[in-house]
Amino acid sequence: MNEQKNSAMREGGKILGGVLRDVQEYVKPGMTGKEIDAWVRAEIVRRGAGVAYDMLPKNESFPGAICISVNDAVIHGTPNDEELSEGDKVSFDLDVYYKGYFTDSAVTMIVGGKEKGAPAVRKMLSVTEAAMWEGIEQVKPGARIGDISAAVEKVLRKGKLGVIENYVGHGIGKSMHEDPEVPNYGKKGHGYKLKVGDVICIEPMSCLGKPKNYVDESDDWTVRLKDGSIGCHFEHSILVTETGYEVLTLPE
Ligand code: MG
C-alpha cells in the first residue's frame, strides 16, 4: 500500500464528502445551477482542495466545478441559468484534487426535500443508493469487478429501474479516470481481480424508463434520457484494504 497516496486520497475524499453533504443543504428552490456551482467552487478552495474539472485538457474542458444533472439528465450536466423547482430531481457529481490525487463522488436529491418528490422518484433514489452500497460491500482483495457489477445490477433490476450501460465506474488516483472499468451490469466471478491499494469508483446510474441516452448538443456534455424519464446517480471512491474496503469520500 502506498501510504502517501492513501492519506492524500483520504483527506481529499473527506473534503469532497463534506462539500457534497453541504451542497444538499445549500440548494433551495429558485436557485440556478450557476449559483450552486459558484458556491461549490468557493467551498472546495476554502476547504483546501483544488477544482478537478479545471484540470481537464482544453479540448475536454467542462464549464463548471461540479456536474449538476436535473430531471431527464443523468450525468455530466453543465451548471446553467435555469432555476430549480421544488420536486426537481438533481444529481451532483464532483471530483476534487488534493496533493496530487483525485477523488470522485456523486449524490442525487430532490429539491425542497425528499417528501416533495414523486413516489417513483423517491424510490429510485433509495434503490440506486442501496445498489451502490451493495456493490461496495463486494469489495475486498481477490474480488472481481464482475462481483460488484452483478451485485449493483441485481438491486437496480429488482427495483424495476433502467440500467445505464454506456457509462461506467472506473479506477481513480493520479488521473480522474483509470483502469479498470466498473460497469453497473455483469457476471459474478468475471473481470479484473482487485488487489490491496486499488481505488475504484462505484457509481450506479439508473432511470425510471428506458436507459437509452444522448449527449445534449446545446452544451456537448449533458447526458439526457431519450424517453425523457428521470435519471439517478450515486457514487463513492473506494479503497481496497487488507480486510475489505474503505469509503474515501464520506464527510468527517
Ligand atoms: Mg463522478
Assess whether Lys226 counts as being on the phi < 0 side of the Ramachandran plot, over 19 Å from the mean Cα position of the chain (by Cα) and open to solvent by 40 Å² or more (accessible area, probe 1.4 Å). yes
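Specify which of the listed residues (Ile66, Ile44) is within 16 Å of the ligand (Cβ to nearest atom), open to solvent by less than 10 Å² (accessible area, probe 1.4 Å) and within 15 Å of the chain's Cα centre (by Cα).
Among Ile66, Ile44, only Ile66 is within 16 Å of the ligand (Cβ to nearest atom), open to solvent by less than 10 Å² (accessible area, probe 1.4 Å) and within 15 Å of the chain's Cα centre (by Cα).
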Output for segment 231-246, where each listed residue is more than 14 Å from the ligand (Cβ to nearest atom), open to solvent by 10 Å² or more (accessible area, probe 1.4 Å) and part of a strand (DSSP E or B): Tyr245, Glu246
Quick test for you: out of Asn213, Asn166, pick the one residue that is open to solvent by 30 Å² or more (accessible area, probe 1.4 Å), of a type in the set (S, T, N, Q) and either closer than 16 Å to His236 by Cβ or out of contact with any Ser or Thr (no Cβ under 9 Å at 6 or more places or on another chain) (or both). Asn166
Kindly state which strands (runs of 3 or more DSSP E) lie completely within segment 34-114 and contain at least 1 residues that are free of Cβ contacts under 8 Å to residues at least 60 places away in the same chain. 67-70, 101-110
All but one of (1) within 16 Å of the ligand (Cβ to nearest atom); (2) surrounded by fewer than 21 Cβ atoms within 10 Å (Cβ to Cβ) hold for Pro79; state the number of the condition that does not hold. (2)
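The values are calculated or read from the model by the stated rules, or taken from the named source; none is laboratory data. Just so you know, these numbers come straight off a predicted model, no measurement behind them. FYI the Cβ positions are ideal-geometry reconstructions off the backbone, even for glycines, and counts take in every protein chain you see. Side chains included, ligands, DNA and RNA excluded: accessible areas come from the protein's heavy atoms. Shrake-Rupley method; radii C 1.70, N 1.55, O 1.52, S 1.80 Å.
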